[in-house]
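The values are calculated or read from the model by the stated rules, or taken from the named source; none is laboratory data. Quick caveat: nothing in here was measured; it's all calculated off a predicted structure. Glycine also receives a Cβ, built like all others from the backbone with ideal geometry; neighbour counts cover every protein chain displayed. Just the protein is used for accessible areas: all its heavy atoms, side chains included, with ligands, DNA and RNA removed. Shrake-Rupley method; radii C 1.70, N 1.55, O 1.52, S 1.80 Å.
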Amino acid sequence: MEWLIFIAGVLFLLYFLAIAFFIPHGTSFFVVWLAAALLCFGAFFLIHWKGNLLAALPEWLRKILIGIAVVGVLVFVFVEGCIISRFWAKAPADLDYIIVLGAQMKTSGPSRVLQLRLDAAFDYLQENEDTKVILSGGQGPDEPVSEARGMYDYLISRGVAGSRMIMEDQSTNTHQNMILSSAYLDKKNETVGIVTSNFHVFRAQKIGKKAGYEKICGIAAKAEPALLPNNMTREFIGVVKDFLVGNL
């Protein structure tokens, strides 16, 4: 067991280094893999050189700790299963609106995550000429323009008519995306597709339903495979957080 913990620590450390130096990324969340590696190495040290500390604990405390660990694993597996269930979400034809959820804008243009979402939106708009699109995303402190403006410019460059696009440029998270975008449509009666990364569709759609969208569906955009473990872990935390604050 102790060597499995050590190997896990090595893998976590290698993944952290790979993202830090070789894989383009938009957030600093990947630091969690360094923290996980350090925890594994610390646990390995305690077990290998100090003996089985768990066995030295009172039986009642061991049972509580084991119970917490089991529940934690079950919750993680359940939530990840829900996330994966929407990985291939597609929308029916002729929706009234699609909403593209923002992601990081760079000085060079949309980040890779955002570009993939925009490409999925472009494909849908090409096939459904009467559908309008709401581009939802504000401007972060490290972004040259609002995400909505960056998305607008990208789709304009690909030939989408400006008359089909609406910019919502104040939101800073998924809950705000859904609330603020609802000002531009009838969320009770009009059909709406949420365009976002495959790992984000489950949470976005649930937040939309809680916000009052009655005819909502997901449109899953591709995601970078190398970042999927990182994004899935981050999304697990997002789902739990939004559940606890009542957004889901």
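Residues in the stretch 122-159 that are farther than 14 Å from residue 177 by Cβ, crowded, with 18+ Cβ neighbours inside 10 Å and of a type in the set (A, V, I, L, M, F, W, C): how many? Looking only at that region, the number is 3.
Just one of the numbered conditions (1) open to solvent by 50 Å² or more (accessible area, probe 1.4 Å); (2) touching a helix residue (DSSP H, G or I) at 6+ places or on another chain (Cβ under 8 Å) is not true of residue 73: (2). Screening the candidates 12, 87, 30, 78 for the property of being closer than 30 Å to residue 248 by Cβ, modelled with pLDDT of 95 or more, open to solvent by 80 Å² or more (accessible area, probe 1.4 Å) and of a type in the set (Phe, Trp, Tyr) yields one hit, 78.
Checked against (1) surrounded by 15 or more Cβ atoms within 10 Å (Cβ to Cβ); (2) modelled with pLDDT of 95 or more; (3) closer than 25 Å to residue 15 by Cα, residue 219 passes all but a single condition, namely (3). Considering only the stretch 140-248, give the helices (runs of 4 or more DSSP H) lying wholly within it that have at least 2 residues that are more than 20 Å from residue 110 (Cα to Cα), in contact with a helix residue (DSSP H, G or I) (Cβ under 8 Å, 6 or more places away or on another chain) and in contact (Cβ under 8 Å) with a residue 40 or more places away in the chain. It comes to 174-181, 201-210, 228-244. Taken over the stretch 163-210, the criterion of being within 11 Å of residue 99 (Cβ to Cβ) and among the aliphatic types (A, V, I, L, M) is satisfied by 166, 178, 180, 185, 192, 194, 195, 204.
Conditions (1) closer than 22 Å to residue 93 by Cα; (2) among the charged types (D, E, K, R); (3) open to solvent by 60 Å² or more (accessible area, probe 1.4 Å), marked per residue:
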| residue | (1), (2), (3) |
| --- | --- |
| 176 | no, no, yes |
| 188 | yes, yes, yes |
| 192 | yes, no, no |
| 227 | no, no, no |
